[in-house]
Amino acid sequence: MKEKNNTNTRLQNVKFILSSKLKSSWRGRKLFLSIYKKNKGSGKTAYIIFPEDDAELNYYGLLYLNDLSDFSSFDSFVIITSCNIVAKSALYFCNKIRNIYEISKENSDQIISYFSLYNFYNHTYLISLDIPDARRGSNILGKNGITKELIVGVGIYRIMPFRQDKHSIVYDGDLIEIKEFIDRKW
């Protein structure tokens with residue numbers, strides 16, 4: 001009898017977890033679709049999601065947007081981020097950005113939950129080493145010369161052949177945090 005109660009409790013826990021994840025995914029779907037509908041139009045648009053505060057990873061995610069455009073048929077990008085510095089500095093990296101959406105970490109997690117459940121749009125790029133859960137880019141980081149720059153350029157954006165160019169990003173504004181973000185060299 002006690003074993004049956006334990007099984008029922010575990011099943012209730014599984015139901016609760018699945019229900020929570022599905023609700024989160026549903027909210028993420030609604031949010032992504034609202035962004036998508038606002039940006040529908042002529043041409044091919046890619047959606048770039050920056051869910052983390054990893055400055056180096058985000059820097060390379062922005063740095064190689066122009067290369068992604070050159071090696072694909074994308075003529076514009078929509079940035080979705082929970083990272084303030086990405087939202088503030090993105091336009092200095094690429095002139096093909098159609099819109100930037102700075103969202104909460106919770107909303108970002110919901111979109112990623114939806115992305116994990118269903119690859120909803122094949123023109124979506126997630127700038128992360130380990131999100132969604134099955135991704136394990138951090139496991140190969142540093143092995144055989146693999147850098148975050150290489151993971152973004154080849155692993156995420158699939159730019160082939162990949163050249164580690166020294167791009168020059170010009171920022172002549174007064175905001176120190178943007179200047180430091182752009183001028184930082186990894």
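The values are calculated or read from the model by the stated rules, or taken from the named source; none is laboratory data. Keep in mind it's a predicted model, so treat the numbers as computed, not measured. Don't worry about glycine lacking a Cβ; one is built from the backbone with ideal geometry, like all the others, and counts go over all protein chains shown. Calculation scope for accessible area: heavy atoms of the full protein, side chains included, ligands and nucleic acids excluded. Shrake-Rupley method; radii C 1.70, N 1.55, O 1.52, S 1.80 Å.
A few points about this structure:
- Rounded to the nearest 500, the 222 nm mean residue ellipticity of the chain from helices alone is -15000 deg cm²/dmol, with -39,500 (n - 2.57) taken per DSSP H run of at least 4 residues.
- Contact order relative to length of the chain, as percent, for alpha carbon pairs under 8 angstrom and 6 or more apart: 25
- Residues whose amide H falls under 5 Å from that of residue 76, counting only those 5 or more places apart or on a different chain, are 44, 46, with hydrogens built in the peptide plane.
- In segment 52-141, taking the dipole from charged Cβ atoms about the Cα centre, the farthest positive-side position among 140, 58, 97 is held by 97.
- Less than 5 angstrom separates the built amide H of residue 126 from those of 49, all sequence-distant by 5 or more or on a different chain.
- The candidate values were [x] 1, 8, 18, 23, 23, 16, 7, 2, 0, 0; [y] 1, 7, 11, 11, 9, 7, 6, 5, 4, 3, 3, 3, 3, 3, 3, 3, 3, 3, 2, 2, 2, 2, 1, 1, 1, 1, 0, 0; [z] 1, 7, 15, 18, 19, 14, 10, 6, 3, 3, 2, 1, 1, 0, 0; the one computed from these coordinates for P(r) over Cα pairs in 5 Å bins from 0, in percent carries the label [z].
- Using a probe radius of 1.4 angstrom, the carbon and sulfur fraction of the accessible surface of the chain is 52%.
- Heavy-atom accessible surface of segment 1-128, averaged per residue, reaches 54 Å², computed with a 1.4 Å probe.
- Among 150, 87, 28 - extreme Cα towards positive end, dipole of the chain, charges at beta-carbon: 28
- Couplings for segment 154-168, taken from phi via the Karplus curve 6.51 cos²θ - 1.76 cosθ + 1.60 with θ = phi - 60°, read 9, x, 9, 7, 6, 7, 9, x, 9, 10, 7, 7, 9, 7, 10 Hz in order; Gly and Pro are left as x.
- The chain: angle of helix 84-93 to the longest principal axis, Cα-based, in degrees nearest 10: 40
- Between amide H atoms placed 1.01 Å from N, distances below 5 Å from residue 140 occur with no residue 5 or more places distant or on a separate chain.
- Listed values for segment 65-73 are Karplus-derived 3J(HN,Hα) couplings in whole Hz (6.51 cos²θ - 1.76 cosθ + 1.60, θ = phi - 60°), namely 4, 4, 5, 4, 5, 5, 9, 9, 9, and x replaces Gly and Pro.
- C-alpha center-to-center spacing [segment 114-180, segment 4-70] in angstrom: 16
- Under 12 Å, Cβ to Cβ, from residue 149 - net charge with Lys/Arg +1 and Asp/Glu -1: +1
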